[in-house]
Amino acid sequence: MENNLLVPVVMAVAGCVAIVIGVYQGLVHVAPGYEGTIVSGWDGDLSHEEVLLVQLGAVGVGGAVAALWRKRLATVPFATGGIVVFYAFRAVFSWFRSSRRPLYREFSPRAPGFEGETVVFVLGAEPFLVAGGGLLLVGAGIATSKFRTPVEEGDESTPPSLRT
């Protein structure tokens with residue numbers, strides 16, 4: 001196996017690692033210089049969507065490895081990466097649309113202990129790492145679809161009807 005065949009697999013593994021690290025980071029943080037913390041209510045456990053994102057990353061790695069033998073399987077990391085990127089954009093978009101909890105604007109939360117104090121929410125590392133991991137999976141799918149297998153390079157022992 002040539003070294004350049006491992007590039008898509010390494011890209012997919014790096015994407016999966018970025019997704020795993022990303023889901024353990026916070027989607028939104030309190031801006032520096034403001035008092036307060038965000039309590040998610042999950043007590044540190046991952047949400048259902050975050051577990052699914054990690055599983056999609058693992059499926060993308062498996063698809064990138066399988067695509068080395070079957071070129072049609074290159075759609076697996078491409079599709080899983082697209083789903084992961086869509087999730088990251090959807091999560092950020094819902095925070096920007098929310099009027100109750102605006103991003104990058106001062107507001108006074110209606111919570112005990114915040115009598116008139118203002119706070120600013122900013123994006124955390126999660127959406128950037130998850131989107132980057134998804135883009136790496138998409139890139140792995142594109143890279144595996146570009147490689148030529150020995151059958152495609154004109155193996156004379158293979159009949160033309162079996163060449164893809």
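The values are calculated or read from the model by the stated rules, or taken from the named source; none is laboratory data. Everything numeric in this text was worked out from a predicted model, so none of it was measured. Cβ placement follows ideal geometry from the backbone for every residue including glycine, while neighbour counts extend to all protein chains displayed. Just so you know, the surface numbers come from the protein's heavy atoms only, side chains and all, with ligands and any DNA or RNA stripped out. Shrake-Rupley method; radii C 1.70, N 1.55, O 1.52, S 1.80 Å.
A few remarks follow.
- Within the span defined as the range 102-119, one or more residues are aliphatic (A, V, I, L, M), modelled with pLDDT under 85, open to solvent by 30 Å² or more (accessible area, probe 1.4 Å) and farther than 30 Å from SER145 by Cα.
- Test: residue in the range 87-97 that is in contact with a helix residue (DSSP H, G or I) (Cβ under 7 Å, 6 or more places away or on another chain), under 13 Å from GLY133 (Cα atoms) and modelled with pLDDT of 95 or more: no
So that you can scan it fast, the table gives a plain yes or no per residue for (1) touching a residue at least 24 places away in the same chain (Cβ under 8 Å); (2) of a type in the set (Phe, Trp, Tyr):
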position	(1), (2)
VAL65	yes, no
LYS71	yes, no
THR75	yes, no
ALA79	yes, no
VAL85	yes, no
ALA88	yes, no
ALA91	yes, no
TRP95	yes, yes
PHE107	no, yes
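- Residue ID - modelled with the highest pLDDT, chosen from residues in the range 125-157 that are assigned to a loop (DSSP other than H, G, I, E, B) and loosely packed, with under 13 Cβ neighbours inside 10 Å: ARG148
- Odd one out for PHE96 among (1) open to solvent by less than 30 Å² (accessible area, probe 1.4 Å); (2) under 19 Å from HIS29 (Cα atoms); (3) not polar (S, T, N, Q): (1)
- Single unsatisfied condition, PRO77 versus (1) in a helix (DSSP H, G or I); (2) farther than 13 Å from GLY133 by Cα; (3) not small (Gly, Ala, Ser): (2)
- Identity of the residue in the range 9-59, polar (S, T, N, Q) and open to solvent by 40 Å² or more (accessible area, probe 1.4 Å), that ends up modelled with the highest pLDDT: GLN55
- On inspection, VAL122 does not qualify as part of a helix (DSSP H, G or I) and modelled with pLDDT of 80 or more.
- Listed by first and then second residue, the pairs with beta-carbon distance under 7 Å, at least 6 apart or on different chains, first residue in the range 4-30 and within 22 Å of VAL92 (Cα to Cα), second in a helix (DSSP H, G or I) and among the acidic types (Asp, Glu), are GLY22/GLU126; VAL23/GLU50; VAL23/GLU126; GLN25/GLU126; GLY26/GLU126; LEU27/GLU126.
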